[in-house]
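J.: Can you keep this structure in mind? I'll have questions shortly.
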Amino acid sequence: MIPVKSTEIQRADYTRAIVAMWNTATPDQKQRGREWYGTAHKLAREIAAGNAVKGAGVLAALSANKSWSENVRLARKAFTEGTASGHVKDAVTKANRIMGGTDPSEVLPMHIKTGLFYLCIADPKNEHAVVIDRHAHDIAVREVYGQRDRGLGAAGRYNVLADCYRAAAKEIGEIPSKVQAVTWVAHIERK
């Protein structure tokens, strides 16, 4: 696990790794990554009958430890059936509260992945929010951790990496969520 209080040298190395992954992305990967949250926003609006905030909240609530296709399937099913299912109790409860009208920011942990995933889907142009998932972590540390714990539940560790993605985004000239999405695409499609 990376230190919660990383040094400036460590932070600079994480940022360089993110920029390096960006630079390995093909033009197609960059286009798909840049469009990822915009596409997810349209999906959120569609599954929630025009309410992108509600759709984004349910998608985020049901996202933990699920592939994107499974996440979308569960969210569509929740809106179609009027109740969430197919996930752990905590995720289902959060999704149901959001579908019932509670603001997602009151339900989701807004300081770590789930809450920030919601923000990026709800507002793909958000200039601050960035999702740090296992792939974002592995890109920054230049190592695939596999099933090992990354410690991303610790706000300090999460924020170190989020700040590095923001620094990389500034260097690249993009918003952080687009840098995260492009590098995610390039990372998962590596040969």
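The values are calculated or read from the model by the stated rules, or taken from the named source; none is laboratory data. Since we're looking at a predicted model, the values are computed, not measured. Cβ coordinates were reconstructed from backbone atoms using ideal geometry, including for glycine residues, and neighbour counts include every protein chain displayed. Heads up: the accessible areas ignore ligands, DNA and RNA and are worked out on the full protein's heavy atoms, side chains in. Shrake-Rupley method; radii C 1.70, N 1.55, O 1.52, S 1.80 Å.
J.: Taking Cα centroids, how far is the stretch 62-87 from the stretch 106-180 in Å?
T.: Cα centroid to Cα centroid, the span is 22 Å.
J.: Separate question: Please tell me the relative contact order of the chain in percent, rounded to the nearest whole number, where contacts are Cα pairs under 8 Å and at least six residues apart. Working shown, then result.
T.: Working: 275 pairs, mean separation 64.6, N = 191.
Reported as a whole number, the value is 34 percent.
J.: Skip the ligands, DNA and RNA, and give the accessible area per residue of the stretch 48-191 with a 1.4 Å probe, whole Å². Spell out each step's value before the answer.
T.: Details: 6600 Å² over 144 residues.
Per-residue value: 46 Å².
J.: Per-residue accessible area for MET110 at 1.4 Å probe radius, Å² rounded to 10?
T.: Surface accessible to solvent at MET110 totals approximately 60 Å².
J.: Let's test this: bin the Cα-Cα distances of the chain at 5 Å from zero up to the farthest pair and state each bin's percent.
T.: Result, from short to long distances: 1, 9, 17, 20, 19, 15, 11, 5, 2, 0, 0 percent.
J.: Then there is this: Protein chains only, probe 1.4 Å: how do LEU59, LEU43 rank by accessible area, largest first? Write out the running numbers ahead of the final one.
T.: Working: LEU59 0, LEU43 25 Å².
Output order, biggest surface exposure first: LEU43, LEU59.
J.: Here's a follow-up. Can you pull the one-decimal nm distance between simple spin-label points at ASP149 and HIS111, each 7 Å off the Cα toward Cβ?
T.: 1.8
J.: Using a 1.4 Å probe and ignoring any ligands, DNA or RNA, find the accessible area of VAL88 and quote it in Å² to the nearest 10.
T.: My reading of the accessible area for VAL88 is about 90 Å².
J.: Between ASP163 and ASP13, what is the spin-label point distance in nm, taking each point 7 Å from the Cα along the Cα→C-beta axis?
T.: The answer from the label model is 1.7 nm.
J.: Take the Cβ-Cβ distance between ALA49 and GLU81 as r, set R0 to 22 Å, and report the resulting FRET efficiency rounded to the nearest 0.05.
T.: Numbers: r = 14 Å, r/R0 = 0.64.
FRET efficiency, ALA49 to GLU81: 0.95.
J.: Give a quick list of GluC sites (Glu not before Pro) in the stretch 92-191 that DSSP marks as loop, anything other than H, G, I, E or B, with at most 13 other Cβ atoms within 10 Å. Walk me through the intermediate numbers first.
T.: Details: sites: GLU106, GLU127, GLU143, GLU171, GLU174, GLU189; in loops: GLU127, GLU143, GLU174, GLU189.
Loop-located and lightly packed - GLU127, GLU143, GLU189.
J.: Just how much of THR80 is accessible, in Å², when a 1.4 Å probe is used and the result is rounded to the nearest 10?
T.: Rounded to the nearest 10, the figure is 120 Å².
J.: If you roll a 1.4 Å probe over the chain with all protein chains in place, what percent of the accessible area is carbon or sulfur? Each step should come with its number before you reach the end.
T.: Values: 4760 of 9350 Å².
For the chain, the apolar C and S fraction of the accessible surface comes to 51 percent.
J.: Further question on the same structure: So which lysines can LYS66 reach, going by Cα to Cα under 25 Å and dropping same-chain residues fewer than 8 places off?
T.: Reachable lysines: LYS30, LYS42, LYS54, LYS77, LYS89, LYS94, LYS113, LYS125, LYS178, LYS191.
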